[in-house]
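The values are calculated or read from the model by the stated rules, or taken from the named source; none is laboratory data. Computed from a prediction, not measured in an experiment: that's the story for all the values here. All Cβ positions, glycine included, derive from the backbone under ideal geometry; neighbour counts span all protein chains shown.
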Amino acid sequence: MSFDFLAQALPGVQQLAPYVPGKPADELARELGLPLDSIVKLASNENPLGPSPKVIAAISQAVPELTRYPDGNGFVLKQALAQKFAVELAQVTLGNGSNDILELVAKAWLAPGLNAVFSQHAFAVYPIATMAVGAECREIPANNYGHDLPAILAAIDANTRVVFIANPNNPTGTWFDQQALADFLAQVPEHVIVVLDEAYIEYAEPGELPDGMDFLAKHANLIVSRTFSKAYGLAALRIGYAISSPMIADVLNRIRQPFNVNSLGLVAAVAALEDEEYLQESRASNKQGLQQLSTAFDRLGLSYIESRGNFIAVDFARDAAPINQALLEQGVIVRPVAGYAMPTFLRVSVGTEQENARFIEVLEQVLADAK
Ligand SMILES: *Cc1c(COP(=O)(O)O)cnc(C)c1O
């Protein structure tokens, strides 16, 4: 018998289930024996527009330098971010995706005997990061699928070190407003770090959602985390960042890997920040897509959670697994969210107009067949 290394892992690690990503399109294409371009993947909240041509040009120029280590300080990108948000360079932490930021926070401040508080139906990486370091997850019942900020506040105790909140949240798409966030931050004890995860913030129109950056000056315990994976369309390159007080950034920078962000990611992110047009196009296309999908759901008599992200959770009011399977068999990949305690829902990422239309057509057929 081989040694039981699972039993020897940290207790929190033993209890973890691995993160289940969206099914890759090429995997489904192979399984169905269909060409790759016939598959519609609306499962991972990816930007359907493809990367900005300016980003592609910037990356191409950086390719000859691939033998070199990236700039471990990410100076050029940090400078661009500091300028954009009018903060000091020392307030910026770069991550290998914003997931990296979430893990760095857990690694720095959580341990057995301590806890992190977050909402039911919140992003799956919060429990993974928390349990991986042996800390306790305090999952607070959602309020109509959204974060119940007063209940989250009430759950904080002397052993709480971190609160994770997402605005908007994935997979629900729910959000809270400026006043709710202000009230919440004003009451969180100063020893507790609040990670405000704004992975989808760029999809909001100005003023539609609170801007976490506006709260940094007043709250030294706040970390605003953002990513280039969603509206900037760079999920494959793994670039995220946190803006916080310099002290928090100093801690995060002590424990991050020296070269956690790769060189193509660094140049891509700088180019992406300069391409405001691409961002506006992403926002406009997403808005239309949300409208297209919700109109179809209304017509089909399906309820859904109103969303400020680039995805919608739609409720079939029965086990959604067979519907998901039937969609897969027709080459359409969406995301089951049973793992988020939402077994009657599927989460549908907003695609291009044609992709959304294809999904709607197949869904309609699947629902008719199931009758
Ligand atoms: C997608 C997502 C992230 C970020 O993912 P990265 O690709 O690691 O930057 C973070 N938080 C939420 C809520 C997300 O949905």
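Among the numbered criteria (1) within 12 Å of the ligand (Cβ to nearest atom); (2) farther than 28 Å from ALA158 by Cα, which one does LEU209 miss? Here LEU209 clears every test but (1).
Within region 337-355, the set of residues being buried (at least 24 other Cβ atoms within 10 Å of the Cβ) and outside any loop (DSSP other than H, G, I, E, B) comprises PHE345, LEU346, ARG347, VAL348, SER349. The single condition from (1) touching a residue at least 12 places away in the same chain (Cβ under 8 Å); (2) under 24 Å from SER282 (Cβ atoms); (3) in contact with a strand residue (DSSP E or B) (Cβ under 9 Å, 6 or more places away or on another chain); (4) not aliphatic (A, V, I, L, M) that GLN354 fails is (1). Counting only residues that are within 22 Å of the chain's Cα centre (by Cα) and either modelled with pLDDT under 95 or charged (D, E, K, R) (or both), which one in region 53-96 is surrounded by the fewest Cβ atoms within 10 Å (Cβ to Cβ)? Top of the filtered list is LYS84. Checking each residue in region 126-151 for being surrounded by fewer than 24 Cβ atoms within 10 Å (Cβ to Cβ) and of a type in the set (Val, Ile, Thr) picks out ILE128, VAL133, ILE140. Could you go through region 97-113 and let me know if any residue there is surrounded by fewer than 20 Cβ atoms within 10 Å (Cβ to Cβ), in contact with a helix residue (DSSP H, G or I) (Cβ under 6 Å, 6 or more places away or on another chain) and within 30 Å of ALA43 (Cα to Cα). Within region 97-113, one or more residues are surrounded by fewer than 20 Cβ atoms within 10 Å (Cβ to Cβ), in contact with a helix residue (DSSP H, G or I) (Cβ under 6 Å, 6 or more places away or on another chain) and within 30 Å of ALA43 (Cα to Cα).
For region 114-126, the criterion of a residue being within 16 Å of the ligand (Cβ to nearest atom), in contact (Cβ under 8 Å) with a residue 24 or more places away in the chain, in the same structural domain as GLY233 (by the TED database) and in a helix (DSSP H, G or I) is satisfied by at least one position.
Under the condition of being out of contact with any strand residue (DSSP E or B) (no Cβ under 6 Å at 6 or more places or on another chain) and farther than 14 Å from TYR200 by Cα, the residues counted in region 217-238 number 7. Reported count of residues in region 302-319, each being of a type in the set (Gly, Ala, Ser) and touching a Lys or Arg at 6+ places or on another chain (Cβ under 6 Å), is 1.
Does at least one position in region 8-19 carry a residue that is at pLDDT below 95, within 16 Å of the ligand (Cβ to nearest atom) and not polar (S, T, N, Q)? Yes, that holds for at least one residue. Reported count of residues in region 1-12, each being assigned to a loop (DSSP other than H, G, I, E, B) and surrounded by 10 or more Cβ atoms within 10 Å (Cβ to Cβ), is 2. When region 127-156 is filtered for residues that are of a type in the set (Gly, Ala, Ser), in a loop (DSSP other than H, G, I, E, B) and touching a Ser or Thr at 6+ places or on another chain (Cβ under 8 Å), only ALA142 remains.
Residues checked against (1) within 16 Å of the ligand (Cβ to nearest atom); (2) under 21 Å from the mean Cα position of the chain (by Cα); (3) surrounded by 14 or more Cβ atoms within 10 Å (Cβ to Cβ):
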| residue | (1), (2), (3) |
| --- | --- |
| ASN170 | yes, yes, yes |
| GLU190 | no, no, no |
| ASP197 | yes, yes, yes |
| TYR203 | yes, yes, yes |
| HIS219 | no, no, yes |
| SER225 | yes, yes, yes |
| ARG238 | yes, yes, yes |
| ASP250 | no, no, no |
| ASN253 | no, no, yes |
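So which residues in region 13-49 are among the β-branched types (Val, Ile, Thr), farther than 22 Å from ASN170 by Cβ and assigned to a loop (DSSP other than H, G, I, E, B), if there are any at all? Residue satisfying the conditions is ILE39 alone.
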